[in-house]
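Worksheet: the structure to be examined is printed underneath.
Every number here is computed from the coordinates shown, using simple stated rules; none is lab data. The structure presented is a predicted model; accordingly, all values stated were derived computationally and were not measured. FYI the Cβ positions are ideal-geometry reconstructions off the backbone, even for glycines, and counts take in every protein chain you see.
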Amino acid sequence: MSKILTSPPKTSLQISLPSKGCNKGTLQGLEFMARELAQFLDLPRIRIDYEDQLKPSMGDAYYLPLHTLKLEQAQQLGIEQPSQLYGGVVPYDFLAHKTVAHPLPQDDMDRPQGWNNELGLALRHTVLPGYSVFSRNDALRTMSLLDEAGQTGIRAKLASGNAGRGQKVIYSRQELEELLNLPQWQSELEHGLVLEENLLDGETFSIGQTQVGEHLFSYIGQQRQTSNCQQESVYGGTSLLMVRGGFLQLLKLSGMKRIAHLVEMTMSYEKSISQAFPQLYASRRNYDLIVGKNARGHYKAGVLEHSWRFGGASIAEILAIRNLQLHPELQHTHAWTRERYLDDASSIENSPHLYSLDQEGEAYLARFGGPLPS
């Protein structure tokens with residue numbers, strides 16, 4: 001997945017929105033990202049279109065899609081390699097979501113087209129114990145199996161959830177049944193559900209690589225949590241360290257010994273998926289990992305999910321990359337993002353680091369970002 005190929009010269013950057021659109025805050029984030037990418041790649045024009053209105057670019061456009069693209073979509077747009085987009089391309093829908101990390105618990109359970117159960121088994125040394133399911137009945141059957149095995153504290157995660165949303169810790173089959181009765185969970189269950197061991201006192205890291213054009217960068221970031229309007233714990237931003245080059249350059253930095261095993265775990269996770277699905281490629285490869293202790297008090301670590309698309313840490317990534325571009329003498333740099341839920345946005349509207357502001361119900365979600373001195 002890290003192989004870099006050259007492509008025809010680009011003359012524009014194309015933002016690709018889903019046909020149903022997106023909220024104001026997400027669009028503002030995409031526009032900010034597009035401006036920074038266009039500056040880095042020296043592209044004079046930025047265009048915005050919906051997926052169903054896009055036409056093949058003859059290789060002269062650089063794409064910024066909101067979601068991971070299907071292989072057929074990419075081919076229709078003339079995208080053939082990572083240097084042509086910020087994001088990823090997958091042969092099957094489920095590969096874009098977190099269900100790929102775990103196997104089905106039993107062979108007779110529902111699965112999507114293209115499912116490879118051997119991959120979930122191969123990934124077990126890089127993830128927390130858990131299973132993926134694709135129907136209500138299979139979810140309840142799996143929870144019964146976990147109960148019988150004495151597993152306590154299971155995190156249920158919708159495949160479609162992001163930024164900490166669409167997940168809940170449960171302790172019994174009855175709790176799962178109540179959860180699956182909620183409208184959101186009923187409507188999203190067809191995309192898949194993960195039932196995974198829950199960790200306490202966890203630290204969450206983002207580890208990955210970003211290829212922009214023919215330039216490769218690697219990073220590790222530590223995530224922070226915040227509370228949304230419903231007082232749920234959700235993603236609150238990332239503090240990120242970025243280096244020029246691959247993971248080996250990242251591991252050479254001082255202070256990396258403590259978390260070297262997380263980088264190695266990421267590399268192993270990515271290698272297994274690439275071997276199972278060689279048609280998959282991505283220029284943005286982000287992996288969320290957690291370190292914490294389980295209900296028995298044992299410390300564990302594992303990959304929680306991947307993101308081959310524009311995501312929460314993307315703004316920190318591009319700010320770090322732009323800082324390295326502006327300061328060629330640097331081999332590494334730092335950047336940050338932060339997300340805050342506010343009752344009143346008047347005090348932050350003129351903040352120099354504000355890049356996105358959107359209303360959520362009666363509150364506001366403000367997103368900030370910036371480089372840090374190196």
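Quick look at the numbers
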quantity: Average projected area [Cα convex hull, the chain], square nanometres; calculated: 18.5
quantity: GluC sites (Glu not before Pro) restricted to DSSP loop in region 202-300 with at most 13 other C-beta within 10 Å; calculated: E214, E232
quantity: Contour excess over end-to-end distance, with Cα ends at H327 and E188 and 0.36 nm allotted per residue; calculated: 45.5 nm
quantity: Expected-Rg normalisation [2.2 N^0.38 Å, Cα atoms] applied to region 268-374; calculated: 1.40
quantity: Gyration tensor over alpha-carbon atoms, region 12-93, equivalent ellipsoid semi-axes in Å; calculated: 18, 16, 11
quantity: Cα-Cα over 23 Å, subset of K24/K168; K98/K252; K168/K271; K70/K98; calculated: K24/K168; K98/K252; K168/K271
quantity: Cα centroid separation, region 333-374 to region 185-260 (Å); calculated: 19
quantity: Sites Q76 and R296, calculated FRET efficiency, Cβ-Cβ separation with R0 56 Å, nearest 0.05; calculated: 0.65
quantity: Nearest-ten-degree value, helix 314-326 long axis tilted from longest Cα axis of the chain; calculated: 30
quantity: Residues of region 186-221 with amide N under 18 Å of the 7 Å Cα→Cβ point at L180; calculated: 186-197
quantity: Nearest-0.05 FRET efficiency for L253 and H353, computed from C-beta distance (R0 41 Å); calculated: 0.95
quantity: Degrees, to the nearest 10: 136-148 long Cα axis against longest axis of the chain; calculated: 60
quantity: Hull shadow area, averaged, region 136-287 [alpha-carbon convex hull, nm²]; calculated: 11.5
quantity: C-alpha long axis of helix 24-41 to longest principal axis of the chain, angle in °; calculated: 50
quantity: Label-reachable residues, region 224-256, where backbone N falls under 15 Å from a point 7 Å from R165's Cα toward its Cβ; calculated: 226-237
